[in-house]
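The values are calculated or read from the model by the stated rules, or taken from the named source; none is laboratory data. Just so we're clear, the structure is a prediction, and the values are computed from it rather than from any experiment. Neighbour counts run over all protein chains shown; Cβ positions are idealised from the backbone, glycine included. Only protein heavy atoms, including side chains, enter the accessible area calculation; ligands, DNA and RNA are left aside. Shrake-Rupley method; radii C 1.70, N 1.55, O 1.52, S 1.80 Å.
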Amino acid sequence: MGLLTGKTALVTGSTSGIGLGIAKCLALEGANIVMNGFGDVEGAQAEIAATGVQVAYHGADMSKPAEIEAMMAFAADKFGRVDVLVNNAGIQHVANIEDFPVERWDAVIAINLSSAFHATRLALPAMKAANWGRIINVSSAHGLVASAKKSAYVAAKHGLVGLTKVTALETATTGVTCNAICPGWVLTPLVQKQVDAKAAALGVSNEEAKKLLLGEKEPSMQFTTPEELGGLAVFFCGPAGNNVRGVAWNMDGGWVAQ
Ligand code: NAD
């Protein structure tokens, strides 16, 4: 029997990258999974179903509060309630502030920050009633320190760390905890785009661009993996995590230690 057998985890943006990795680790602990996100939905669902748990999918656009409400109602209807909520969906846009498209700013804030507020406010009543729940916000090293050209992303990820702390305080006397995970570089489609942009801008190979990207930020010169991040999520869900509240835990190869 797994740590999460009989429980349900909803992971936003779980059709790819970090969300898919975390969903798989929670499924390996026995949690039924509600998936969300775009792209190769069927492939991602099959990957989770292969662990033997029940899988459901809702295609809510996390920039739209009404669709988030529909997703949370769908999860409650399907599995009774959401025990573990992983707010992971996110996008990036890279530009100087004066050139930053207003529509991109709004989208990054909506998907990377406001969606976590909406999913959290909708998940909390049932978690509090059950006196058990785990809310895990996927922030970033950019939730702790900044980089140029990432104003919306850095603002959203710092905001997510703030939301994590408030959620932890408001649940402090209950069996519900809320914590943030702050990854450094993880080689997902979101980061591959930035590798491609660097390779094109500098006229270097893909491998060279990866080294340059890591070298700018990560003393370890290694990408963090979705599985490593999933391991931390499992720790937050386990009994040793019962009184871990409001932390923003970086897994970043030393990025913010500098
Ligand atoms: P990814 O592009 O591989 O996955 C993003 C997921 O979010 C996908 O499932 C996508 O379909 C989904 N998504 C995007 N917009 C959505 C929307 N409007 N509604 C619903 N789903 C939507 O990216 P990733 O690297 O796995 O990123 C996952 C999270 O991790 C993001 O919040 C990102 O900011 C964060 N993060 C990533 C890194 C990294 O290096 N890759 C580092 C730190 C934090």
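Whether any residue in segment 172-184 is assigned to a helix (DSSP H, G or I) and within 26 Å of residue 20 (Cα to Cα) is what I want to check. Full working, then the answer.
Narrowing segment 172-184 to residues assigned to a helix (DSSP H, G or I): none.
Checked against the condition, which is being assigned to a helix (DSSP H, G or I) and within 26 Å of residue 20 (Cα to Cα), segment 172-184 yields no hits at all.
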Checking residue 188 against (1) modelled with pLDDT under 95; (2) away from the ligand (no atom under 16 Å from the Cβ): exactly one of these is not met. Which one? (2)
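Just for segment 1-16: of the residues that are within 16 Å of the ligand (Cβ to nearest atom) and in contact with a strand residue (DSSP E or B) (Cβ under 7 Å, 6 or more places away or on another chain), which one is most open to solvent (accessible area, probe 1.4 Å)? I'd like the intermediate steps shown before the answer.
Initially, segment 1-16 is screened for residues within 16 Å of the ligand (Cβ to nearest atom), giving 9-16.
Still in the running and in contact with a strand residue (DSSP E or B) (Cβ under 7 Å, 6 or more places away or on another chain): 9-12, 14-15.
Working: 9: 0, 10: 0, 11: 0, 12: 2, 14: 0, 15: 19 Å².
If we take residues in segment 1-16 being within 16 Å of the ligand (Cβ to nearest atom) and in contact with a strand residue (DSSP E or B) (Cβ under 7 Å, 6 or more places away or on another chain), then 15 is most open to solvent (accessible area, probe 1.4 Å).
Return the residues of segment 143-156 that are in a helix (DSSP H, G or I) and without any contact (Cβ under 8 Å) to a residue 24 or more places away in the chain; say none if nothing qualifies. Reasoning before the result, please.
So in segment 143-156, the residues in a helix (DSSP H, G or I) come out as 143, 151-156.
Across segment 143-156, the qualifying residue is only 154.
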So if I check each of 70, 155, which one is away from the ligand (no atom under 12 Å from the Cβ), small (Gly, Ala, Ser) and crowded, with 16+ Cβ neighbours inside 10 Å? 155
With respect to residue 234, determine if the residue is open to solvent by 20 Å² or more (accessible area, probe 1.4 Å), away from the ligand (no atom under 13 Å from the Cβ), assigned to a helix (DSSP H, G or I) and farther than 30 Å from residue 105 by Cα. yes
Residues 89, 60, 49, 95: which one is within 9 Å of the ligand (Cβ to nearest atom) and free of Cβ contacts under 8 Å to residues at least 60 places away in the same chain? 60
Are any of the residues in segment 18-27 in the same structural domain as residue 156 (by TED's automatic domain parsing), away from the ligand (no atom under 14 Å from the Cβ) and part of a helix (DSSP H, G or I)? yes
For residue 116, are the conditions met, namely being open to solvent by 30 Å² or more (accessible area, probe 1.4 Å) and either touching a residue at least 12 places away in the same chain (Cβ under 8 Å) or in contact with a strand residue (DSSP E or B) (Cβ under 6 Å, 6 or more places away or on another chain) (or both)? no
Residues of segment 167-191 classified as under 22 Å from residue 140 (Cβ atoms) and surrounded by 14 or more Cβ atoms within 10 Å (Cβ to Cβ), total: 16
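Looking at segment 42-98, which of its residues are more than 21 Å from residue 158 (Cβ to Cβ) and touching a Phe, Trp or Tyr at 6+ places or on another chain (Cβ under 8 Å)?
Here is the first cut: in segment 42-98, the ones more than 21 Å from residue 158 (Cβ to Cβ) are 42-61, 64-84.
Those that are more than 21 Å from residue 158 (Cβ to Cβ) and touching a Phe, Trp or Tyr at 6+ places or on another chain (Cβ under 8 Å): 45, 54, 56, 58, 59, 83.
What residue, of 104, 121, is without any contact (Cβ under 8 Å) to a residue 40 or more places away in the chain, more than 12 Å from the ligand (Cβ to nearest atom) and surrounded by fewer than 24 Cβ atoms within 10 Å (Cβ to Cβ)? Even if it seems obvious, please write down each step before you answer.
Numbers: 104 fails: without any contact (Cβ under 8 Å) to a residue 40 or more places away in the chain.
It is 121.
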Identify all residues within segment 199-216 that are crowded, with 18+ Cβ neighbours inside 10 Å, in contact (Cβ under 8 Å) with a residue 12 or more places away in the chain and touching a helix residue (DSSP H, G or I) at 6+ places or on another chain (Cβ under 7 Å); write none if there are none. 209, 210, 213
